[in-house]
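Comments concern the structure below.
The values are calculated or read from the model by the stated rules, or taken from the named source; none is laboratory data. Please read these numbers as outputs of a predicted model, since none were measured by experiment. Methodologically, a virtual Cβ is constructed for each residue, glycine included, from the backbone with ideal geometry; neighbour enumeration extends over all protein chains shown. Keep in mind that these areas ignore ligands, DNA and RNA; they rest on the heavy atoms of the full protein, side chains included. Shrake-Rupley method; radii C 1.70, N 1.55, O 1.52, S 1.80 Å.
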Amino acid sequence: MEKIKVIDISYAQYNVDFEAVKASGVEAVIIRTGYLGKTDTRFNAHMEGAIAAGLDIGVYTYIMADNIAQAQVEAQETINRIDRFRGKITYPVYCDMENGKYYDKDKFDRESRTRIIETFCTEISRAGYYPAVYINPSWLEQWVEKDRIVGVYDIWLAAWTQSSDIPTRYNYGQKMWQWGTSPVKGVNGSVDSNF
């Protein structure tokens with residue numbers, strides 16, 4: 001199986017030299033769009049730089065919705081942010097639900113978390129984009145209804161081994177694997193790294 005080197009970035013990475021990133025062997029970048037009510041401060045600059053460098057591009061939204069209605073709003077905000085780049089996004093639009101508030105069992109259960117993910121992904125698909133889910137094994141096993149995620153959406157699995165040479169022991173049929181962080185030329189500090 002071919003391994004494609006991918007990084008994911010947000011406002012935390014500034015003054016990225018995307019030409020240097022590409023020259024280092026990275027082929028794709030996943031860029032944070034923002035979250036409910038807030039566009040990532042580096043989103044447009046990152047998109048424009050990655051496009052100019054000829055990198056493959058995906059995007060993710062850090063989900064903050066409390067309910068289905070907010071998930072629909074969050075999806076529409078995402079669509080509004082990315083529509084100017086339609087045709088340039090070659091990887092999925094990822095739903096990233098990992099905020100600590102979702103551990104509140106009085107407010108959320110497996111069903112409600114799963115429905116927020118499903119709602120976001122459905123709206124993204126209706127807009128003509130390809131939805132997928134960023135998630136880790138703990139979330140799949142304990143915090144969502146796994147059978148409604150795995151095999152339904154492409155999985156970008158966060159399962160850090162701290163080395164790209166140490167494979168993850170988890171297999172959910174993931175299409176992309178976030179293995180840890182590493183230095184990449186063109187990016188300040190270490191950056192989340194994926195295959």
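What to note about this one:
- Count of residues meeting criterion [open to solvent by 70 Å² or more (accessible area, probe 1.4 Å) and without any contact (Cβ under 8 Å) to a residue 12 or more places away in the chain] in segment 162-175: 4
- Sub-8 Å Cβ pairs linking a first residue in segment 113-136 that is of a type in the set (K, R) to a second residue that is assigned to a loop (DSSP other than H, G, I, E, B), at least 6 apart or interchain, are R113/M97; R113/V144, ordered by first then second residue.
- Options A45, A50: the member that is part of a helix (DSSP H, G or I), open to solvent by less than 10 Å² (accessible area, probe 1.4 Å) and over 30 Å from R110 (Cα atoms): A50
Residue by residue, here is whether (1) open to solvent by less than 50 Å² (accessible area, probe 1.4 Å); (2) within 18 Å of the chain's Cα centre (by Cα) holds:
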{"residue": "E145", "(1), (2)": "no, no"}
{"residue": "G151", "(1), (2)": "no, yes"}
{"residue": "D154", "(1), (2)": "yes, yes"}
{"residue": "W160", "(1), (2)": "no, yes"}
{"residue": "G180", "(1), (2)": "yes, yes"}
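- Strands (runs of 3 or more DSSP E) wholly inside segment 97-195 that include at least 3 residues being among the aliphatic types (A, V, I, L, M): 131-135, 154-158
- Comparison of T39, T61 shows that the only residue that is among the hydroxyl-bearing types (S, T, Y) and farther than 23 Å from M176 by Cα is T39.
- Considering each residue of segment 72-82 in turn, at least one proves to be touching a residue at least 24 places away in the same chain (Cβ under 8 Å) and either of a type in the set (G, A, S) or closer than 20 Å to A158 by Cα (or both).
- Where a residue in segment 183-195 is within 22 Å of L157 (Cβ to Cβ) and among the small types (G, A, S) and its partner, wherever it lies, is open to solvent by 30 Å² or more (accessible area, probe 1.4 Å) and assigned to a loop (DSSP other than H, G, I, E, B), with Cβ under 8 Å and at least six apart: S193/K5; S193/S164
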